[in-house]
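Just so it is clear, none of the values below were taken in a lab; they were calculated from the coordinates. Here the structure is a predicted model, which is why all the values come from computation and not from measurement. Cβ coordinates were reconstructed from backbone atoms using ideal geometry, including for glycine residues, and neighbour counts include every protein chain displayed.
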Amino acid sequence: MSEAINILAIETSCDETGVAMVRAQDDQVKILSQTVASQVDIHVVTGGVVPEVAAREHVAVIKPLLEQVMTEAKIESNDVSAIAVTVGPGLQPALAVGVTAAQAIAFAWGKPVVPVHHLEGHIYSALLADSDHIDPSSFPALALIVSGGHTMLVNVENHCRYVILGSTVDDAAGEAFDKVARLLGLGYPGGPALSALAAGGNPEAFAFPRPMITSPDLKFSFSGLKTAVLYAWRPLSVLEQADKRVDVAASFAAAVVETLVRKTEQAIKRTAPHSLLLTGGVAANSQLRQAMSRLARAYSIPLKMAPLALAGDNAAMIGQAAVYIFAQGRSATWRDLDAVARLNLDEFTVDRFPVLSRADGSQPG
Ligand code: KG4
Ligand code: ZN
């Protein structure tokens, strides 16, 4: 039996504080303990995330979360192999809290660190969705990552090897869900509320555009769709709005889902993947899960979808990714860490060590 790897993982890139302990032994990866503290109640007031407010909240909760995870996982600090942390992309002040915490722990315990890209966390939560190990036959995998900040198709060639096939040129799918939800008076973050409402409406009531669906590239664009909803919604009277809200929601959700699925289909034709991954906060959307399942069946490709509980931001996914990075013998010291708000998935992961460049382009001294 090989020696166990225990990873303490931290995620603070946006408005969820996540801490987790993930263990790998003999190819099996298990989440020993994980906890997420959401700040949604706080950001409701501003209708969006204010970075400094998010950072302050991360600071307030991270210590008790760390204590909780260490206790629940029943792992002593001596038995922790490395500290993993999301270094980017995300909100700089929010990222900095997690990175600083990871540096302090790594320094105090004399442990290495594993810098993780937020999106590779999402990718690994899908790769490990329905199993405690990743079969090599899963690669190359085609990942559709859909969240509040990203909409991207990625060719996951192998462990920790990513090629971005296309991403959004403006709004992310989750962002569009949130903005349209706000327009319909559904509060913040409106994605889940809008998708629940959409389930009861007529998806063909409004003919909203399917942006860039026929363009030969694998890029997405959702800001025009959002504007189309605005133009359909504004002229309606208050009574009409109350009457049509459900159908607008259903028609909008159908347009997003069809766009995502058709682009994924184009990517399947180009890359002939051995598996399909669906992940990110919007992967919790049931219409999207059903449509991706149909697509996967049509092409006879196994589909792995991030479990509902891990579709949104969490630290378990960061620990899961870190296990495979660490197993490749790739770790660094606390000095090498930095929070980087803008971080390209494929560029960063080629050469994540030894020193990350700062967001402003300067090198850490
Ligand atoms: O991955 P995530 O937690 O954070 C980012 O990395 O952005 O994704 C959050 C996004 C939000 O925009 C939220 O509205 C959206 O995921 N979302 C949904 C659903 N659940 C969460 N969008 C559509 N349908 C859902 N059921
Ligand atoms: Zn995310």
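For the range 225-365, calculate the relative contact order in percent as a whole number, restricting contacts to Cα pairs under 8 Å that are 6 or more residues apart.
Relative contact order of the range 225-365: 16 percent.
If contacts are Cα pairs under 8 angstrom and at least 6 residues apart, what is the relative contact order of the range 162-215 in percent?
20
Would you kindly calculate the mean projected area, averaged across all directions, of the convex hull enclosing the Cα atoms of the range 260-356, in square nanometres? Please list the in-between numbers first.
Details: hull surface 30.7 nm².
Average projection, Cα convex hull of the range 260-356: 7.7 nm².
When each pair of different Cα atoms in the chain is counted once in the 1/r mean, what is the Kirkwood radius in angstroms, to one decimal?
20.9 Å is the Kirkwood radius here.
Could you line up Thr349, Thr227, Thr151, Thr271 from fewest to most neighbouring Cβ atoms inside 10 Å?
Exposure proxy ranking, most exposed first: Thr227, Thr271, Thr349, Thr151.
What translational diffusion coefficient, to the nearest whole µm²/s, does the range 50-193 have by Stokes-Einstein, given a Kirkwood radius computed over alpha-carbon pairs, a temperature of 25 °C and 0.890 mPa s viscosity?
Translational diffusion coefficient: 139 µm²/s.
Where nothing but the Cβ of Lys and Arg (+1) and of Asp and Glu (-1) is charged, how large is the charge dipole of the chain around its Cα centre, in debye to the nearest 20?
Charge dipole, the chain, about its Cα centre: 680 debye, nearest 20.
Compute the helix-to-body angle for 286-298: its Cα long axis versus the longest principal axis of the chain, expressed 0 to 90° and rounded to tens.
Approximately 80 degrees, to the nearest ten.
Counting only trypsin sites (Lys or Arg not before Pro) that are in a DSSP loop and have at most 12 other C-beta atoms within 10 Å, tell me the longest site-free stretch of the chain.
That gives 75-341 as the longest site-free run.
What's the center-to-center distance, using Cα atoms, between the range 13-67 and the range 124-171 in Å?
The range 13-67 and the range 124-171 have Cα centres spaced 22 Å from each other.
Select from Ser81, Gly187, Ala298 the residue farthest towards the positive end of the dipole of the chain; place +1 on Cβ of Lys and Arg, -1 on Cβ of Asp and Glu, and compute about the Cα centre.
Ala298
Relative contact order for the chain using alpha-carbon pairs under 8 Å, separation at least 6, rounded to a whole percent?
Contact order relative to length: 24 percent.
DSSP loop GluC sites (Glu not before Pro) in the range 62-164 with at most 14 other Cβ atoms within 10 Å of their Cβ, which ones?
Answer by residue number: Glu76.
Which residue, chosen from His133, Thr100, Gln25, occupies the Cα position most advanced towards the positive end of the dipole of the chain, where the dipole is computed from +1 (Lys, Arg) and -1 (Asp, Glu) charges on Cβ about the Cα centre?
Ranked along the dipole, the leading option is His133.
Can you sort Ser2, Ser33, Ser221, Ser13 by how many other beta carbons sit within 10 Å, fewest first? Don't skip to the answer; put the middle values down first.
Details: Ser2 9, Ser33 21, Ser221 18, Ser13 29.
Placing the least packed residue first, the sequence is Ser2, Ser221, Ser33, Ser13.
Subtract the Cα-Cα distance of Ile42 and Gln328 from 0.36 nm times their separation in residues, and report this length gain in nm to one decimal.
99.0 nm
Considering the options Ala267, Gly312, Val229, tell which one lies farthest towards the positive end of the dipole of the range 221-352, charges being +1 on Lys and Arg and -1 on Asp and Glu at the Cβ, about the Cα centre.
It is Ala267.
Summing -39500 (n - 2.57) over the DSSP H runs of n ≥ 4 in the chain and dividing by its residue number, what mean residue ellipticity at 222 nm do you reach, to the nearest 500 deg cm²/dmol?
-13500 deg cm²/dmol
For the range 102-256, what value does the Rg/Rh ratio take when both radii are computed over Cα atoms and Rh is the Kirkwood radius, given to two decimals?
Reported Rg/Rh (Cα atoms, Kirkwood Rh): 1.10.
Can you sort Phe326, Phe220, Phe177 by how many other beta carbons sit within 10 Å, fewest first?
Taking fewest neighbouring Cβ atoms as first place, the list is Phe326, Phe220, Phe177.
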